[in-house]
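**Q** Starting off with a structure, shown below.
The values are calculated or read from the model by the stated rules, or taken from the named source; none is laboratory data. Predicted, not measured: the structure shown is a model, and the values here were computed from it. Please note: Cβ atoms are built from the backbone with ideal geometry, for glycine as well, and neighbour counts cover all protein chains shown. Surface accessibility is based on the protein's heavy atoms, side chains included, excluding ligands, DNA and RNA. Shrake-Rupley method; radii C 1.70, N 1.55, O 1.52, S 1.80 Å.
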Amino acid sequence: IPKQALKKLFTRFTQVDSSTTRNYGGTGLGLAISKQLVELMNGGFNVTSKENVGSTFSFNVKLDHPANQVSVHERLALKMLKTVHLVVANDTLR
């Protein structure tokens, strides 16, 4: 994604490249909604991009969960999530 286009990424109903909608569909809402949800949870949303190479989108939010209201299964799941790293790859180059 070109540097000058990064600002448009989070604008509703906007695509960085208009051919994206024609080729792959989409409304231009996904990143705008994601950023808004993260900010509503007092978190931060970040994007780093190297043009013609790839982009990385990340966010952070602090989630509190009272220990006395969490089941054993939920505690185990939360413990496992502390070490989970998620990578999503989408090869849309033609």
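**Q** What accessible area per residue comes out for region 31-70, rounded to a whole number of Å², with a 1.4 Å probe? Please report the intermediate quantities before stating the final value.
**A** Values: 3260 Å² over 40 residues.
That works out to 81 Å² for each residue.
**Q** Multiplying the sequence separation of Val53 and Val87 by 0.36 nm and subtracting their Cα-Cα distance, what value in nm do you get?
**A** Numbers: separation 34, 0.36 × 34 = 12.24 nm, distance 1.59 nm.
Between Val53 and Val87, full extension yields an extra 10.6 nm.
**Q** Under a point spin-label approximation (7 Å from Cα along Cα-to-Cβ), what is the Asn60-Leu76 distance to one decimal in nm?
**A** 3.0
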